[in-house]
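A short write-up of the structure that comes next.
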Amino acid sequence: MSTMVNFVSGPLVWIALVTFVVGTVVRIVLMIRTIKLDKTVLPAMTVKHSLRSIFFWTLPYGSRSMRTRPFFSGLSYLFHLCLLALPLTVMGHAVLWQQAWGIRWWSLPSGVADVMTAVVIFAGGIFLLRRIMSPEVRNVNTWRDYVILVIVLLPFVTGFIAYHQWLDYRTIIILHMVSGAVWLMAIPFTWLQHMFMFFFSRAYMGSEFGAVRNARDW
Amino acid sequence: MAVADPGFDLALAKLTPERIEQVINSVLSQAVAERMKLFLKTCVHCGLCADACHTYLSRNRDPDFAPVAKVRDTLGVMLKKKGRVSPEFMKNAARVAFIECGGCRRCSMYCPFGIDIATMIMTIRRICSLLGMVPQFIQDTTNSHSATSNQMWVQPDDWIDTVMWQEEDAQLEVAGLRIPLDKEGAEVMYSVIAPEPKVMAQLIANIAVLMTVAKVDWTMPSADGWDNSNMAMFSGDLEIMGRIEREHWERALELRVGKMVMGECGHAYRGAVYDGPKWLGWQGPPLPMVHAVELYYDLLREGRIEITDKLTEPVTIQDPCNIVRGRGLHEKLRYVVHALCDNVVEMDPKFEHNYCCAAGGGIINCGAPWKMARLKSIKIKATQLKKTGASLCITPCHNCHHGVVDIIGHYHIDMRTSFLIELIVKQMKIPEGLGV
Amino acid sequence: MTERETERETGREKWNWDVGSRNVADLGKLRAAYTDVHELTVSADGERVAAPVVAEDGSFRVAVNGEVWETELEKAWHLKFTPDDRLTALVRVDDMWTVAVEGELWEQRYPFAWNTKFSADGRTIAVQIKAGMEYSLCINDKPWDRNFLSIRNYALSDDGRRAAALVQVVELVTADTETFAEGTWSVAVDSETWDEKFIGVWAPVISPDGEHVAVQTRTERFAYTIALDGAPWESRYGCVWEPGFRPRGEGLLAPVRTGASWSLAEDGEPLWKTPYVQLWYVRFSPAGERVAAVVATDFGRWTVAVDDRPWGCTFGDVVMAPVFSTDGKRVAAAVRHEGRWTVAVDGEPWSHWFDTVWDPVVGAGRGPVLAKVKNQGAYGLAVDGRVGAQRYEHLWDPTFSPDGDKVLIRGVQSGKYIRRVVLTEELG
Ligand code: HEM
Ligand code: HEM
Ligand code: SF4
Ligand code: SF4
C-alpha cells in the first residue's frame, strides 16, 4: 500500500504534470501552425480587439449571452474561480509542495477551501444535470462528455471526502491523487483544452468582429 | 421535411461514395478546415449557442436546429467518418447548410468561445458545391453570375438602357439630374444588385435624386461589374465569387473613383469587402467601400441633404446582419432613421443582437421549394416584429427587405417595409433650383 | 492597353509639336449656351475637345471645340476618338441606336448599340448590337450575318479584319442548371462559332497578327483552362485569368491557379516557377522578350514581378497593370498603399503620394516617368513624382513626342480646354 502511495504522490504527479505541460505546449504549437496555414488569419488579428473580447468574456456578466442566463453564468463563474484556485491553494497541497520542493506557498484557510470545493461539486452536479435534462444539450452530448465532467469533478469529490476523513482515508487519498493526475492529463486531450483555447478563439473572434467588421462580439 | 429540389435530387442520382469521400477530404485538408477542426476540439458541448439561433427558437426549440447540432450532424460526422458518408447524408447536410443556416454569425456571439459556426457551415456549402449538391435556384443564380457576372441574367444592353430610362424618369422630378456612366475620377462609384434594374428600377432613380440633390460627384459603370451581389459566395462556388468581385473592383479601379458606395444590400457589401478580397489575396477592399447607410449618414451629418417631412407612425428597424454584426453600422443606421421618423420603436433584441431575417446568406435565393421551411424557421422574427406594434419596418438590405415582406405576409402582420432611400427621396427637400 | 499603346503609335509625328500653349475651346461659353454639358473627351493629338450637350428642350447634340454637330439627337453618350482621331458617339434617333462618326450616322439602326471598339489604325469601328431579341456585332456599319442569344463581350483584331465575341449558343430556360452545366457558351470569330461549347468563356483576345483567338474557359464546374482557336489546353486549373499573346511569335501566356496559388503558364506548360497568392495583368515589353505581371507575394502584399522576379517592395491596397517603357527597359505601375497612390518605377515608389494616380506614361531611355495625378480635387502632372505649379480642373494622360523631347499636355484650366506642348527637360 505504501509503495502505491509513494508512486501516486511521486512519479505519477510528475507524469501528470509533464503530460499536462508538454501536451499543452504541443497543442498550442500545433494550433499556431494550423492558423499560419491560412495566411488570412494572423494579419487580420489585433491585440486590442483580442484583449477586448477576452476582457468582456471573462468579466462576470460581461456579455449579453451571460446576462440572458444569470444563474448559469454566475454558477459557471464561481465554478471556474474555485476550480482554478483550489489545486494551487489547498492546504493539503501546500504541505506536499513544501515536502517535495521546499516551496512555501500561501494557502487558503481550510474552511474556505472546503466551501469552495463544495461549490465546485455542487456546480458540477448542476452541469451534469443540465447536460442530461436540457434537450439541446443532451442532443450534442455523448458518454465522452459525461466522462469528462466526472473526471473534472472526481478530485474535488475525493479531496472533499479525504478532508472530512470519511471512508478509508488512505484509499480515498490514493483515489484522490489518481483522479487528480487524470484530471491534469485530460486537459490537453479533451475539450478541457478550452482552458487555453478559450483565449485564442476569443482573440480570433474578437478580431473578426472588432478589427475586421467593426462590431462588438459580446 | 421532404422538399423536392432538383438541385439535390439530380446530384443524388449521380453521386458515388468514392467521389464524396474524395471531395470531403480534399476540402477538409485545406487550411480553413484545419481551423474548423480546432474549433470543434474546443467546443465543450454546452449548448449555449442554441438560444442564439432563430431556427432553433422558431422551431419550438428542436434541438437538431441548435448551431452546435447542425455542425455535429454535418461537418462533425464527415470528420469522424473521414469523408465516408452516403449521398443521402450529403443531401441532408446540404439542406442543413443551405436552408437551416444563413451564416448570420449570431451564434458566435453567444458561444462563450466564439466558435465560428457560420464559417463551418460555409465549408459544408463548399463541399456541396464541389459535389454539385446545391439547391437549384441558387445554383441558377450562380450560373448567371458565371455567364453574365450579374445575378439575374441581365443582358448588357438592358442594364444601360434601364439606367438611362431611370435617368429620364427622375429628370421629371429633379432638373438637371444625371446618372453619369463611366465617369473617370468621380468621387463615388455607386453599385447596385441585379434585382434593381430587373424588377426595382425605381431605386436607381431614387439614388440619382439623392446624389443630385446632395451634389455628389458620382458614376456607375456601363460594363459588367456593375452588379455587386454575389450568390456564388453563398453557393460555395468560390472561383466565380472571386471572378465577379475582381470585375466589380476592376470597374472602380479603372475609373479611379475615390470610393465605392454599395446600395442597400448587406451580402453584397460582405462579398465586396471581406470574402471577395480575401479570396483574391487582398487584405481588405482595394479602395474604400461604404454602405448606403454610411453615405446617408454622412450626407445628413454634413447637411448636404435636408429632411423636411418626418414620419409620425411607429417605425421599427431591422438590423441587417452583414452591415450590423458584419460592420457595426447600427448607430449610423439609427441616426438616419431618427432623422426620418419621429416614432421609432426598437426591436428586442436590437443592434448586433438582432435576429437575422432568414432570407440572407443565400437562403431566399434557394427559391420557392424552400420558402415554407424558411418561414417556419423565422417565427421568432414575426413575434419580434409584432411586439413592436410598428406599422413600418425599415430594411436597409435587399434580403432583409424580401425576408420581412415574406414574414409579414405569412404571419399576417399589419406592417409595411421600406428601404431608406424610398423614405429619403420622399421626405427630403428638393432645393429651389432643382425643382421642375 | 493596346488602345493606349496604339494611340501613341498613330501618326504622332504629324501632330503639331511646336512648344507653346493654346486655348482650344472655352467651355464656359458652351455651358452658358446649353442646359447641360456632359463629360469631356479629347482627341489624342489634343486638337479637339468634345462633349454631349443638352439643349433646353432636352435634345442632345455633340459639341466639338464649341461647334455642334448638325444632327439633333435624342441621346448621345460614350464619346470616343478613334486612334486616327475621328470622333465617334453612341446616339439615339427615332428611338433607335447607332454610331455617329464625325456627325455622320451609320445607316444601321438598332434597339440598342453599345461598347464601341476600334482597330489599331482606327479605320475599323465596331459595336455590340441588339437586333430584335438577339445579339450581334456591327462593324463599320455592317452587321454580322448571324445573331446570337447573347453576346457578353468581344475583341477586335489590331488590323480590324477580325472580331471574336463571347456568344451564348444554347438556349436556357429558367433555372435549367443541367443544360448550363453541359455548356451553353462559345466563341464566334467573324460570326462563325467554335464547335466546342463551354460552361463559361471570358475576355477574348486576338493575337497581334490577327490569326488566333484565345479565351478563358470553364470546361467543367470546377475546371478552367485557356482555349486557343477552339481547342482547350490539356491542363486544367482551379481558375485562370485573361491570356495574352506574345507580341511576336506564338506564345500564349495566362495566369493559372493550382491549389491555392497562382503562377504563369505558357501554352499550357508552367512558365514561371514561383507560386503567388495572386497573379494577373500580364504585360509584355514591346519586343516581347520581357514579361511583367501584378503579383501578390503574400496575402495583402502586392507588387510587380518581371520575368518571375518580384520587386523588393510590396504595396498593401492595389497595384495596377504594369507599363513598359517604349524601349522595354523600364517597368512602372500605379500603386496604392495605406489609402494613398503613387507610381513605382522598377520597384522604387516615388517619394510623393497622391489621392489618385493614373497609369504612368514611360518614355524611352532615362527620360522622366509621367502620370496624371489628383490631389484634393485638382489634377496635376507628376514628373518623376513631383507636381509642377500647373493645376487643372481636368487632365488627360500626357503623351511624349516620337523623339521623347517634348510632352503634349491636354487639360482644362479656368474653364478652358488647353493644349500645351512643353520641352521634356523643362517639365517639373
Ligand atoms: C495529483 C496529485 C495530487 C495530490 C498528491 C493531492 C493531494 C491532496 C491532499 C494530500 C489533500 C489533503 C486532504 C486533506 O485535507 O486531508 C488534497 C486536498 C484537495 N485536493 Fe488534492 N491532490 C492532487 C491533485 C489534485 C487536483 C488535480 C485537484 C483539483 C483539480 C485537487 C483538489 C483538491 C481539493 C479541492 C482538496 C481539498 C478538499 C477540501 O478541502 O474539501 N487535488 N489533495
Ligand atoms: C482559464 C481557464 C478557463 C476558462 C477561461 C474557462 C472557460 C470556460 C467557459 C467559457 C465555459 C463555457 C460554459 C460556461 O460558462 O460554463 C467553460 C465550461 C466548462 N469548463 Fe472551463 N474554463 C477554464 C478552465 C477550466 C478547467 C481547468 C476546467 C477543468 C479541468 C474547466 C472545466 C469546465 C467544464 C466542466 C465546463 C462545462 C460546464 C458545462 O457543463 O456547461 N474549465 N469553461
Ligand atoms: S443561422 Fe445564424 S445563429 Fe443559426 S447556426 Fe447559422 S450562423 Fe448560427
Ligand atoms: S456554445 Fe460554443 S462551446 Fe457551447 S455547444 Fe455551442 S459551439 Fe459548442
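Peptides A:78-85, B:11-18 ranked from most to least packed, by the mean per-residue count of other Cβ atoms within 10 Å: A:78-85, B:11-18.
Peptides B:266-273, C:115-122, A:158-165, A:29-36, ordered by how many other C-beta atoms sit within 10 Å of their residues on average, highest first, read B:266-273, C:115-122, A:158-165, A:29-36. Loop-located GluC sites (Glu not before Pro) in region C:255-363 (DSSP state not H, G, I, E or B) with no more than 15 neighbouring Cβ atoms inside 10 Å: C:E289, C:E338.
Which residues of region A:18-64 bury at least 30 Å² of accessible area once all protein chains are present, versus their chain alone (1.4 Å probe)? Listed in order, they are A:T34, A:L37, A:D38, A:K39, A:T40, A:P43, A:W57, A:R64. The loop-placed GluC sites (Glu not before Pro) in region C:78-167, going by DSSP, that have at most 10 neighbouring Cβ atoms within 10 Å of their Cβ come out as C:E107. Distance from the Cα centroid of region C:159-224 to that of region B:378-436 is 43 Å (rounded to whole angstrom).
Both radii were evaluated on the Cα set of region C:174-293; the Rg over Rh quotient, with Rh as the Kirkwood radius, amounts to 0.99. Here the accessible area of region A:2-212 is 76 percent carbon and sulfur, with a 1.4 angstrom probe and all protein chains present. Would you calculate a helix-derived [θ] at 222 nm for chain B, using -39,500 (n - 2.57) for each DSSP H run of n ≥ 4 and dividing by the full residue count, to the nearest 500? Counting only the DSSP helices, I get -14000 deg cm²/dmol. Within the shell of other residues whose beta carbon sits under 11 angstrom from the beta carbon of A:H49, the net charge comes to +3, with Lys and Arg scored +1 and Asp and Glu -1. Need the list of lysines near C:K80 for cross-linking: C-alpha distance under 24 angstrom, and skip anything on the same chain fewer than eight residues off. Candidates past the 8-residue exclusion: B:K183, C:K14, C:K29, C:K117, C:K130, C:K142, C:K372, C:K374, C:K416.
Where a Cα-Cα gap under 27 Å defines reach, which lysines qualify for B:K81, not counting those fewer than 8 residues away within the same chain? In chain and number order, the partners are A:K36, B:K14, B:K37, B:K41, B:K70, B:K91. Think of it as helices only: each DSSP H run of n ≥ 4 in chain C is worth -39500 (n - 2.57), and spread over all residues that comes to -1000 deg cm²/dmol at 222 nm. Once you order the gyration tensor axes a ≥ b ≥ c over the Cα atoms, which shape class does region B:1-135 get: rounded for a/c under 1.5, otherwise prolate or oblate by comparing a/b with b/c? Here region B:1-135 falls in the oblate category. Summed over both chains, the contact between B and C buries some 4900 Å² of accessible surface at a probe radius of 1.4 Å. The magnitude of the dipole of region B:307-427, with charges of +1 and -1 set on the Cβ of Lys/Arg and Asp/Glu and taken from the Cα centre, is near 380 debye. Tell me, what is the percent relative contact order of region B:212-370, built from C-alpha pairs under 8 Å that lie six or more residues apart? Averaging sequence separation for qualifying contacts and normalising by length gives 20 percent for region B:212-370. Across every pair of non-identical alpha carbons in region B:1-73, the mean reciprocal distance, once inverted, gives a Kirkwood radius of 14.9 Å. Of the peptides B:295-301, C:46-52, the ranking by mean beta-carbon count within 10 Å, highest at the top, reads C:46-52, B:295-301.
The mean sequence distance of close C-alpha pairs (under 8 Å, at least 6 residues apart), as a share of the length of region A:2-212, puts its relative contact order at 34 percent. Averaged over the residues of peptide B:37-44, the number of Cβ atoms from other protein chains lying within 10 Å of each residue's Cβ is 6. Please work out whether chain C counts as rounded, prolate or oblate from its C-alpha gyration tensor, where a ≥ b ≥ c are the square roots of the eigenvalues and a/c under 1.5 means rounded, while otherwise a/b larger than b/c means prolate and anything else oblate? Since a/c reaches 1.5 but b/c is at least a/b, the shape of chain C is classed as oblate. Taking only the C-alpha atoms of the protein assembly as shown, the Rg (one decimal) and the largest Cα-Cα distance, Dmax (whole number), read 32.8, 114 Å.
Seen from C:V201, the other residues with C-beta closer than 11 Å to its C-beta sum to a net charge of +2, counting Lys and Arg as +1 and Asp and Glu as -1. Summed over both chains, the area buried between A and C is near 200 Å², taken from the accessible surface of protein heavy atoms with a 1.4 Å probe. Estimated from helices alone, the mean residue ellipticity of chain A at 222 nm is -25000 deg cm²/dmol (sum of -39500 (n - 2.57) over DSSP H runs with n ≥ 4, per residue). The alpha-carbon atoms of region A:75-218 define a convex hull whose volume equals 154 cubic angstrom per residue.
Selection among C:T424, B:S391, B:C101 by position relative to the dipole of the protein assembly as shown gives B:C101 as farthest towards the positive end (Cβ unit charges, Cα centre). Inter-chain Cβ neighbour count for A:124-137, averaged per residue, equals 3 (cutoff 10 Å, partner chain atoms only).
Remark: the protein assembly as shown carries 38 Å² of accessible area per residue (probe radius 1.4 Å; ligands, DNA and RNA excluded).
For the residues of C:37-43, the average number of beta carbons from a partner chain within 10 Å of their own beta carbon is 2. The calculated Kirkwood hydrodynamic radius for chain B is 22.3 Å, given to one decimal from all distinct C-alpha pairs.
Contact order for region B:169-283, expressed relative to its length and based on alpha carbon pairs under 8 Å spaced 6+ residues apart, stands at 33 percent. For B:K386, the lysines whose Cα comes closer than 17 Å to its Cα, not counting residues fewer than 8 places off in the same chain, are B:K350, B:K376. In whole percent, and with a 1.4 Å probe on the protein chains, what portion of the accessible area of chain B is carbon and sulfur? Within chain B, the accessible surface is 53 percent carbon and sulfur. Shown for region C:263-415: the carbon plus sulfur share of the solvent-accessible area, taken with all protein chains present and a 1.4 angstrom probe, equals 48%. The distance from the alpha carbon centre of region B:243-279 to that of region C:72-137 is 30 Å, rounded to a whole number.
The values are calculated or read from the model by the stated rules, or taken from the named source; none is laboratory data. Quantities reported herein were computed from a predicted structural model and do not represent experimental measurements. FYI the Cβ positions are ideal-geometry reconstructions off the backbone, even for glycines, and counts take in every protein chain you see. Heavy atoms of the whole protein, side chains included, go into the accessibility calculation; ligands, DNA and RNA do not. Shrake-Rupley method; radii C 1.70, N 1.55, O 1.52, S 1.80 Å.
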